[in-house]
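Below you'll find the structure, written out as structure tokens, and then a few comments.
The values are calculated or read from the model by the stated rules, or taken from the named source; none is laboratory data. Bear in mind the structure is a predicted one, so any value in this text is a computation, not a measurement. As a convention, Cβ positions derive from the backbone with ideal geometry for all residues, glycine included, and neighbour counts pool all protein chains shown. Quick note on the areas: whole protein, heavy atoms, side chains included, nothing else; ligands and nucleic acids left out. Shrake-Rupley method; radii C 1.70, N 1.55, O 1.52, S 1.80 Å.
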Amino acid sequence: MDQPKPDWLKIKFNGEKSREYVEEILRKLFLNTVCEEANCPNIRECFNRKTATFMILGRYCTRNCTFCNVQKKIPLPLDPEEPGHIAEAVKKMNLKYVVITSVTRDDLIDGGAEHFANVIKELKNIGTGIAIEVLIPDFQGNFNALSKVVEAKPDVINHNVETVPRLYPTVRPMAIYKRSLEVLANVKLMNKDILTKSGIMLGFGEKEKEIIEVFIDLRNAGCDFLTIGQYLSPSKHHHPIIEYIHPDIFEKYKRLAIKAGFKDVASAPLVRSSYHAEQMLEGFLQNDKKD
Ligand code: SF4
């Protein structure tokens, strides 16, 4: 797309004082973040708020989503120290809300589910009432694997559908839309108290009707929270940006998604899966108390 980036996507941010602090902790503990690997536009803001989304199961993914900046290489063996290192970083950063995501490891029998559970257990052992959100892969539809994560009882389980089903062949070729819905639905079947969340990006050429159908499909899968953001291409080798969506359209989709029944929706050009994730849970718990 030759169109210049619109103003609403230009980030004005000053002050890097805490960023180095966060980066130093991450490097000392051999930890990865999706913030850095995916070149997230919000990294400066989040690192300065001393928050980050930890990426586990290594830096190399077995899939080839065309929007994603994560490296596609033969993955390395899992680091058994990683769960402990994440707990250490969380203590050092004094985080109250932790988001854990991962690459997809189709090379592992359980897709890394046990490792996710170990990270959650380590975080719960810190014992300061940290809220935990995990952004999981689809474990290739292996629901025994999924149950390991559910049994570890994170507060929120997030699994992104990313885009509308018609575009899966070009955007998420190794994923299956229906399978992703089943992952979310099965979390609720396994434990209805766990909040579920999903996310889509706009700008791949999807139509409004298709987006609303995704809202309905996610609600039918019992999904509680939704994030909607603008796709930004990491490089010219990645999926092109077909359209820059105006902030007013994001507002309209927020209203439509709330109407569809989501408990909360974050919808704006720079919204990402875990951007201000803690506010969604806090907002829900406050409302829940009122009821
Ligand atoms: S599965 Fe996740 S990490 Fe892997 S390429 Fe797709 S979006 Fe990126």
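Find the residue count for the stretch 168-191, including only residues that are within 14 Å of the ligand (Cβ to nearest atom), open to solvent by 60 Å² or more (accessible area, probe 1.4 Å) and closer than 21 Å to Arg219 by Cα.
1
In the stretch 122-177, what residues are of a type in the set (Val, Ile, Thr), outside any helix (DSSP H, G or I) and at pLDDT 95 or above?
Keep residues of the stretch 122-177 that are of a type in the set (Val, Ile, Thr), which gives 126, 128, 130, 132, 134, 136, 149-150, 156-157, 161, 163-164, 170-171, 176.
Within this subset, residues satisfying the condition of being outside any helix (DSSP H, G or I) are 128, 130, 132, 134, 136, 156-157, 161, 163-164, 176.
Result: Ile132, Val134, Ile136, Val156, Ile157, Val161, Thr163, Val164, Ile176.
Quick check on my filter: what residues within the stretch 40-95 are out of contact with any Ser or Thr (no Cβ under 8 Å at 6 or more places or on another chain), assigned to a loop (DSSP other than H, G, I, E, B) and either closer than 21 Å to Asp155 by Cβ or aromatic (Phe, Trp, Tyr) (or both)?
The answer is Thr51, Asn94.
Could you check how many residues of the stretch 248-258 are surrounded by 15 or more Cβ atoms within 10 Å (Cβ to Cβ) and under 21 Å from the mean Cα position of the chain (by Cα)? Working first, answer last.
At the first step, the residues of the stretch 248-258 found to be surrounded by 15 or more Cβ atoms within 10 Å (Cβ to Cβ) are 249-250, 253-254, 256-258.
Then keep just the ones that are under 21 Å from the mean Cα position of the chain (by Cα); that gives 250, 253-254, 257-258.
Adding up the residues that qualify gives 5.
When you check Val103 against the structure, is it open to solvent by less than 10 Å² (accessible area, probe 1.4 Å), on the phi < 0 side of the Ramachandran plot, at pLDDT 95 or above and within 14 Å of the ligand (Cβ to nearest atom), yes or no? Even if it seems obvious, please write down each step before you answer.
On the way: open to solvent by less than 10 Å² (accessible area, probe 1.4 Å): yes; on the phi < 0 side of the Ramachandran plot: yes; at pLDDT 95 or above: yes; within 14 Å of the ligand (Cβ to nearest atom): yes.
Yes.
If Glu210 meets every condition in (1) assigned to a loop (DSSP other than H, G, I, E, B); (2) more than 20 Å from Gly283 (Cα to Cα); (3) open to solvent by less than 70 Å² (accessible area, probe 1.4 Å) apart from one, which number is that one?
Looking at each condition in turn, Glu210 falls short on (1).
For the stretch 50-77, what are the residues that are within 30 Å of Lys96 (Cα to Cα), open to solvent by 60 Å² or more (accessible area, probe 1.4 Å), more than 10 Å from the ligand (Cβ to nearest atom) and touching an Asp or Glu at 6+ places or on another chain (Cβ under 9 Å)?
none
Here are some residues: Asn94, Asn32. Which one is loosely packed, with under 15 Cβ neighbours inside 10 Å and either within 30 Å of Leu285 (Cβ to Cβ) or within 21 Å of the chain's Cα centre (by Cα) (or both)? Please lay out each step first, then the result.
Numbers: Asn32 fails: loosely packed, with under 15 Cβ neighbours inside 10 Å.
The match here is Asn94.
Take the stretch 140-167 and flag every residue that is under 24 Å from Gly229 (Cα atoms) and open to solvent by 10 Å² or more (accessible area, probe 1.4 Å).
Once the filter is applied, which keeps residues that are under 24 Å from Gly229 (Cα atoms) and open to solvent by 10 Å² or more (accessible area, probe 1.4 Å), the stretch 140-167 yields Asp155, Asn160, Glu162, Pro165, Arg166, Leu167.
Between a residue in the stretch 219-230 that is farther than 14 Å from Glu133 by Cβ and any residue that is modelled with pLDDT under 95 and not in a loop (DSSP other than H, G, I, E, B), which pairs come within a Cβ distance under 7 Å, given they are 6 or more apart or on different chains?
What qualifies is Gln230/Leu9.
Limited to the stretch 203-223, what total is found for residues that are within 16 Å of the ligand (Cβ to nearest atom) and under 22 Å from Pro137 (Cβ atoms)? Steps first, please.
Of all residues in the stretch 203-223, those within 16 Å of the ligand (Cβ to nearest atom) come to 203-204.
Cutting the leftovers down to under 22 Å from Pro137 (Cβ atoms) gives us 204.
Qualifying residue count for the region: 1.
Determine whether the stretch 223-236 contains at least one residue that is assigned to a helix (DSSP H, G or I), of a type in the set (Val, Ile, Thr) and either open to solvent by 40 Å² or more (accessible area, probe 1.4 Å) or touching a strand residue (DSSP E or B) at 6+ places or on another chain (Cβ under 9 Å) (or both). Give the steps one after another, and end with the answer.
Of the stretch 223-236, the ones assigned to a helix (DSSP H, G or I) are none.
Within the stretch 223-236, not a single residue is assigned to a helix (DSSP H, G or I), of a type in the set (Val, Ile, Thr) and either open to solvent by 40 Å² or more (accessible area, probe 1.4 Å) or touching a strand residue (DSSP E or B) at 6+ places or on another chain (Cβ under 9 Å) (or both).
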